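Structure, as structure tokens:
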Amino acid sequence: MSMDDKDLNPRFTRGAVDIVERKVAYDGFFKMHKLRLRHRLYRGGWSGEMERELFVRGNAVGVLLYDPTHQLIAMTEQFRVGALERDPGPWCLEIVAGMVEAGESLEEVARRELQEEAGLEVAELHYIRSYLPSPGGSSERMFLYCALADLRGIEGFFGLAAEHEDIRLRVLPAGEVFAALESGHAAIDNAASIISLQWLQLNRERLGQRVAQVSASD
């Protein structure tokens, strides 16, 4: 049986989970819920009741900045408290990213964050995919895009002071970034960046052709 013939969907859906109780355990910069639940078992019947903490976090959008004409990639560098014990230190190299606010579309978030973190307005966004960063304990879903732009001379310092953002935008040769990715360099060690860059490796020829077609038609 080929992979196309296999059903990849799990046996159970949301209806196979019984939320017995949900309490707000913490409501601050982040939110934490404490759940008492049970779920159906593969061997039949229901599990016993169990307690789980859920990090309640909404949708987020990440954008990889790529210049196909000059073979450049722009990435942000900023302090991350979750990386305090990381060997290279807690300043991380990442794609542009931000949380979805009420009433915003995903593309609106992408364009807002590009303006705030890179000072750029882009005409075209290419959807990559979405994924759950940590489904074992977080409700967050990340949506990834690739934005094409002329990245020459755009390096600088960005971010909203009111949100304590201190962001350095770096523009790097695409070849160097791909080499670091393939070698497992510690500078690129977050899922959103790795997934986006691997997608770009697979699609950069197509993106280059797209830019050439648009230029030829102008």
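The values are calculated or read from the model by the stated rules, or taken from the named source; none is laboratory data. These figures come from a predicted structure and were not determined experimentally. Quick note on the areas: whole protein, heavy atoms, side chains included, nothing else; ligands and nucleic acids left out. Shrake-Rupley method; radii C 1.70, N 1.55, O 1.52, S 1.80 Å.
How large is the accessible surface of Ile19 in square angstrom, using a 1.4 angstrom probe and rounding to the nearest 10?
It works out to around 50 Å².
Quick check: the angle from helix 106-118's long axis to the longest principal axis of the chain, C-alpha only, nearest 10 degrees?
Computed tilt is about 50 degrees.
Amide H of Ala60: which non-local residues (sequence gap of 5 or more, or other chain) have their own amide H closer than 5 Å, using H built in the peptide plane?
Under 5 Å from the amide H of Ala60: Val100, Arg141, Met142, Phe143.
Would you kindly state how much longer the chain becomes between Leu160 and Leu84 on full extension, computed as 0.36 nm times their sequence separation minus their alpha carbon distance, in nm to one decimal?
25.2 nm
Could you run the Karplus curve 6.51 cos²θ - 1.76 cosθ + 1.60 with θ = phi - 60° over the range 65-78 and give me ³J(HN,Hα) per residue in whole Hz, x for Gly and Pro?
Calculated HN-Hα couplings, in order: 8, 9, 10, x, 6, 10, 6, 10, 10, 10, 9, 8, 10, 7 Hz.
Quick one: what are the phi-derived ³J(HN,Hα) couplings along the range 168-178, Karplus 6.51/-1.76/1.60 with θ = phi - 60°, whole Hz, x for glycine and proline?
Per residue, the Karplus-derived 3J(HN,Hα) values read 9, 8, 10, 10, 10, x, 4, x, 5, 5, 5 Hz.
Provide, in order from the shortest bin, the percent of all Cα-Cα pairs of the range 1-133 in each 5 Å bin, continuing until the bin that contains the maximum pair distance.
Reading the bins upward from 0: 2, 7, 11, 13, 14, 13, 12, 13, 9, 4, 2, 0.
Which whole-Hz ³J(HN,Hα) couplings does the range 24-30 yield from phi under the Karplus relation 6.51 cos²θ - 1.76 cosθ + 1.60, θ = phi - 60°, glycine and proline marked x?
7, 7, 7, 9, x, 4, 10
List the residues whose amide H sits under 5 Å from the amide H of Tyr26, counting only those 5 or more places along or on another chain, with H placed 1.01 Å from N in the peptide plane.
Met32
Taking the chain as the reference, fit the longest principal axis to its C-alpha atoms, fit the long axis of helix 191-217 to the helix C-alpha atoms, and give the angle between the two in degrees, 0 to 90, nearest 10.
Taking the Cα atoms of the chain, the angle to 191-217 is about 40 degrees.
For the range 91-199, rounded, prolate or oblate, judged on the Cα gyration tensor with a ≥ b ≥ c (square roots of eigenvalues), a/c < 1.5 rounded, else prolate if a/b > b/c?
Values: a/c = 1.38, a/b = 1.05, b/c = 1.31.
Rounded shape, in that the Cα axes give a/c under 1.5.
Near the amide H of Leu120, under 5 Å away, which other amide H atoms are found, from residues 5 or more places off or on another chain, if H is placed in the peptide plane?
Answer set, sorted by chain and number: Gln115.
Measure off, as a whole percent, the carbon and sulfur share of the 1.4 Å-probe accessible area of the range 103-167, all protein chains present. Could you put the intermediate results ahead of the total?
Numbers: 1740 of 3560 Å².
Summing carbon and sulfur atoms, their accessible area is 49 percent of the total for the range 103-167.
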